1. Could we say that VAL5 is surrounded by 15 or more Cβ atoms within 10 Å (Cβ to Cβ), at pLDDT below 95 and among the aliphatic types (A, V, I, L, M) here?
2. Taking the stated definitions as given, is GLU32 without any contact (Cβ under 8 Å) to a residue 12 or more places away in the chain, acidic (Asp, Glu) and part of a helix (DSSP H, G or I)?
3. Got at least one residue in segment 52-63 being assigned to a loop (DSSP other than H, G, I, E, B), closer than 25 Å to PRO211 by Cα and modelled with pLDDT of 95 or more?
4. Of these, PRO225, PRO216, which one is modelled with pLDDT under 90, outside any helix (DSSP H, G or I) and over 15 Å from GLN13 (Cα atoms)?
5. Are any residues in segment 189-208 closer than 25 Å to ILE115 by Cα and at pLDDT 95 or above, and if so, which ones?
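The values are calculated or read from the model by the stated rules, or taken from the named source; none is laboratory data. In this text, all values refer to a predicted model and were calculated from it rather than measured experimentally. Here the Cβ positions follow ideal geometry from the backbone for every residue, glycine too, while neighbour counts run over all protein chains shown.
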Amino acid sequence: MQYCVFIHTNEKQMVGALVAKYALKRNSTHGEEFDVRIIRTEGFSFMADREGQQYLRDGVMRPWLNDDLQSFTPLRFMPPELMDYQGRALVIDPDVFAIQDVWELLTRDMQNHAILCRMRAGPKGFVDRCKASSVMLLDCSRLTHWQVEQQFGEMFDGQRDYQPWVCLKLEPEKSIGFFENEWNDFDQLTEKTRMLHTTRRRTQPWKTGLPVDWRPADRFRLFPPFGWLMRARRHFFGEYGLLGHYKAHPDKNQELLFFQLLAECVDKDIISESMLQQEIQLGHVRQDTFEVLKKVSRGA
């Protein structure tokens, strides 16, 4: 098919990915005209083979861990290859949920750009000029230089730094255009939101109360001593030591939106109750998931 949405994930974020897939089709009047594919780190042996090896991230070497919450991010660059460098691909994180019809984005005039995205928010966007590769519209025919297995390996040889790679700094500037921020709305749900991205990992609605299982950066340009503290924490207490627990999302409407979509997935047996129970036992979704679903079904 000429149009495909790719959701890249790992086993820790599979519930989010399945809800994201459902929302894409649910909220489109053109659902039969595009595919949605979930791609997982577990499906790519070149990632598993690097477990524990040191790779370059923002100028610092650190071990690659496949069970980290966001180990899937290099797969953002996989869709052109999976589509034989033909057609249009939209790639999204597993915590991005369509509110409006994604067909509008899939079919828009890219004005001769290979990539459409938005800028990152906060210091990464304003200081580092980092582009948000968490949602990208791709003209696959113009991205034949994306060879993910080889380029992933270059991080371990010190030839490629993860941070500029995922910030799209290695791409020709003229090849990148921008869509409206609402197509990748960072923890903001308004009447204009087209795709909600619950990007603040500590407040993802389905994780509330669980121990944090993602690793913060080891380098902070605005305040370098904080990076030193993070490296010391990791050295003495382990990758996730002293990081605390996930917090409740500050916007109850965003939590409600997610659990309404999840409830529909359960009703339609897209996500079974037994799968949810297993995900709770694995620590991938919050312990009170079924209680929250009951409240949603009662309209509480």
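1. Here the answer is no, as VAL5 does not meet what is asked.
2. Values: without any contact (Cβ under 8 Å) to a residue 12 or more places away in the chain: yes; acidic (Asp, Glu): yes; part of a helix (DSSP H, G or I): yes.
Yes: the conditions hold for GLU32.
3. The answer is yes, given that some residue of segment 52-63 is assigned to a loop (DSSP other than H, G, I, E, B), closer than 25 Å to PRO211 by Cα and modelled with pLDDT of 95 or more.
4. Working: PRO225 fails: outside any helix (DSSP H, G or I).
Being modelled with pLDDT under 90, outside any helix (DSSP H, G or I) and over 15 Å from GLN13 (Cα atoms) holds for just one of PRO225, PRO216, which is PRO216.
5. Hits for segment 189-208 are LEU189, LYS192, THR193, ARG194, MET195, LEU196, HIS197, THR198.
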